[in-house]
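The values are calculated or read from the model by the stated rules, or taken from the named source; none is laboratory data. Keep in mind the model is a prediction, meaning the values are calculated, not measured. Don't worry about glycine lacking a Cβ; one is built from the backbone with ideal geometry, like all the others, and counts go over all protein chains shown.
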Amino acid sequence: MDQANFSPVLPTFVPPPLPPARPTSSWSWLRAIHDRNPCFLLSAVSMLVGCRLVSDAVNFTGDVGNIVSLLAAINLYEFALIGLGAYLLVRRGLQRDGRILLTLAALFLVDIVFLNGTIATAGAGWGLAVNVALLALAGAKTWIVLRALGVRDGGRTLALILCQVAALLAGPTAFKQLAMAWDGFLPPLVVYCGWWVAGATLVLAATLRPVHRRHTGPTADRAMVRVYVAIPFCSLLAHLYAAGWVYKIPFDAVNVAPLLLAAALYLGAARPLPWPTIVRVQGLLAAAAILVSAGRHPHLLFLAPGGITISPLRLALIGTGLVCLQTLYRAFDLKLALAAIATLAAALLGHNLAEIARRIVRAISAAIEGVDAVRPRTPTAWGVAAIVGAFLLLAIGGAVSLWWGRADEPGHTEAGVSPNPKTA
């Protein structure tokens, strides 16, 4: 290489990048609004605060016209939320903003401002008329939402949501009317029945299975459908708890028993877990329901037709028996069969633990007396009893072999002994 023509290659110096320019304060706020869009949430909070303030003033004066006007404003706001949310979700493809608006609409749909009880102060007629109108509007709004979410066959979902909304609307009105009839006192039994209604809605959800793929369609937004199914149920629980607080009824753990039994039935119908796990969880839920109902609750007793005393314990035992029967329908198990028989028999024996124990002792004493009455007295009688017992044991053994018998020999088949290839 010619030394005169040689020129060394020096490394290229690259200056470090400059730090990004810090955005101005106004640009930061605009960027935050663009990324998160808190306007929808702020609008809902503003509407909620305004409705709460107006509701307190209207409830104090008792003006029916103002109550109806406030309900009309709330429903107009709900339609605005649903309309804008459906447009952003379907037409513009803005999933996040559309879901936020539809979720806010669901909250106002289930009376988040606790306004339904206010209309009942004007009279039962006004309460019934307004609740029927609100239920019809709720059906229209829910139908629009389901269509926007792509639900193909929304009949089951719509029926379940409307049943929950109907319970929400009827509950506060019924509580208010009954309390006005009893000079402001609401019996705890009424609120306890409301908890059973809440459990019934959960069982209805397990029966209808509104979020199943077969009913919603392959393209439906099932996550939002679950939101619209769950929010009315949670609101119903909140209204029941609030009713106890308003009418000064202390919350009792026995109110949870209907929900525990309904959850056990829901698990058996929906089957979201492996079957052995479901059976164990059902047993725990049913045992917890019986445990919280076993105490003394004289204020929750009532008489059924025929003079039968109905108590929380008796209802819990019947519900546990139904859970066992539901599981037996899926797969037979001797322990479940015995549990079903035991719980249903206990429910027939009495409405509390003392009565059940007393009748069990009485039944055992009667059985002992009956056995003693037919006990053989002579050797001949003992011989006849032994012969009869031999036939009975033979019949029982045959039934056990036919019911639970299993082939325990390698060459055994259903038709008999399989042919041995060496001796055939």
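Could you check the range 153-253 for helices (runs of 4 or more DSSP H) lying wholly inside it with 3 or more residues that are within 30 Å of GLY125 (Cβ to Cβ)?
Here the list reads 155-181, 188-208, 222-246.
Conditions (1) over 30 Å from THR320 (Cβ atoms); (2) out of contact with any helix residue (DSSP H, G or I) (no Cβ under 9 Å at 6 or more places or on another chain); (3) at pLDDT below 90; (4) among the aromatic types (Phe, Trp, Tyr), marked per residue:
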{"position": "ALA347", "(1), (2), (3), (4)": "no, no, no, no"}
{"position": "ALA363", "(1), (2), (3), (4)": "no, no, yes, no"}
{"position": "PRO376", "(1), (2), (3), (4)": "yes, no, yes, no"}
{"position": "GLY389", "(1), (2), (3), (4)": "yes, yes, yes, no"}
{"position": "VAL400", "(1), (2), (3), (4)": "no, yes, yes, no"}
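Could you check the range 84-99 and list, in sequence order, the residues that are under 29 Å from the mean Cα position of the chain (by Cα), within 24 Å of LEU134 (Cβ to Cβ) and surrounded by fewer than 20 Cβ atoms within 10 Å (Cβ to Cβ)?
Selection gives ALA86 alone.
In this structure, does ARG296 turn out to be loosely packed, with under 14 Cβ neighbours inside 10 Å and touching a helix residue (DSSP H, G or I) at 6+ places or on another chain (Cβ under 7 Å)?
No.
Report whether or not ILE74 is over 27 Å from the mean Cα position of the chain (by Cα), crowded, with 19+ Cβ neighbours inside 10 Å and over 19 Å from ALA223 (Cα atoms).
Spelling it out, ILE74 is indeed over 27 Å from the mean Cα position of the chain (by Cα), crowded, with 19+ Cβ neighbours inside 10 Å and over 19 Å from ALA223 (Cα atoms).
Step by step: first the residues of the range 90-106, then only those that are assigned to a helix (DSSP H, G or I) and without any contact (Cβ under 8 Å) to a residue 60 or more places away in the chain, then the one that is farthest from LEU237 (Cα to Cα). Which residue is that?
ARG91
Do we have LEU109 as surrounded by fewer than 22 Cβ atoms within 10 Å (Cβ to Cβ) and either in contact (Cβ under 8 Å) with a residue 60 or more places away in the chain or aromatic (Phe, Trp, Tyr) (or both) here?
No: the conditions fail for LEU109.
Quick one: ARG147 ticks every box in (1) over 27 Å from ALA264 (Cα atoms); (2) crowded, with 17+ Cβ neighbours inside 10 Å; (3) at pLDDT 85 or above bar one, so which box is it?
The single condition ARG147 does not satisfy is (2).
Mind telling me which of the residues ARG271, ARG296, ARG330, ARG280 ends up being basic (Lys, Arg) and within 26 Å of ALA357 (Cβ to Cβ)?
From the options ARG271, ARG296, ARG330, ARG280, the qualifying one is ARG296.
Within the range 54-70, is there a residue that is modelled with pLDDT of 90 or more, more than 28 Å from the chain's Cα centre (by Cα), part of a helix (DSSP H, G or I) and more than 24 Å from VAL132 (Cα to Cα)?
Scanning the range 54-70, I find no residue that is modelled with pLDDT of 90 or more, more than 28 Å from the chain's Cα centre (by Cα), part of a helix (DSSP H, G or I) and more than 24 Å from VAL132 (Cα to Cα), so the answer is no.
Given the criterion farther than 19 Å from LEU315 by Cα, surrounded by 10 or more Cβ atoms within 10 Å (Cβ to Cβ) and without any contact (Cβ under 8 Å) to a residue 24 or more places away in the chain, identify the matching residue among ILE356, ILE396.
None of the others qualify; the one that does is ILE396.
Hey, among ALA205, ALA230, ALA294, which residue is among the small types (Gly, Ala, Ser), within 22 Å of LEU160 (Cα to Cα) and in contact (Cβ under 8 Å) with a residue 40 or more places away in the chain?
One residue alone meets the criteria, ALA205.
Mind listing whichever residues of the range 335-352 are within 18 Å of SER311 (Cβ to Cβ) and part of a helix (DSSP H, G or I)?
Once the filter is applied, which keeps residues that are within 18 Å of SER311 (Cβ to Cβ) and part of a helix (DSSP H, G or I), the range 335-352 yields ALA342, THR343, LEU344, ALA345, ALA346, ALA347, LEU348, LEU349.
Consider only pairs whose beta carbons are under 7 Å apart and that are at least six residues apart or on different chains; among these, list those whose first residue lies in the range 137-157 and is on the phi > 0 side of the Ramachandran plot and whose second residue is of a type outside the set (A, V, I, L, M).
GLY150/GLY217; GLY150/THR219; GLY150/ASP221
Any residue in the range 258-280 that is among the charged types (D, E, K, R) and in contact (Cβ under 8 Å) with a residue 24 or more places away in the chain?
No - not one qualifying residue is present in the range 258-280.
Going through the range 309-333 one residue at a time, which ones are of a type in the set (Ser, Thr, Tyr) and surrounded by 15 or more Cβ atoms within 10 Å (Cβ to Cβ)?
Scanning the range 309-333 gives SER311, THR320, THR327.
Taking the range 273-308 as the region of interest, how many residues are touching a Pro at 6+ places or on another chain (Cβ under 9 Å), in a helix (DSSP H, G or I) and within 27 Å of VAL190 (Cα to Cα)?
5
Output yes when any residue across the range 164-178 is among the basic types (Lys, Arg), crowded, with 22+ Cβ neighbours inside 10 Å and either in contact (Cβ under 8 Å) with a residue 60 or more places away in the chain or out of contact with any Leu (no Cβ under 8 Å at 6 or more places or on another chain) (or both), and no when none is.
yes
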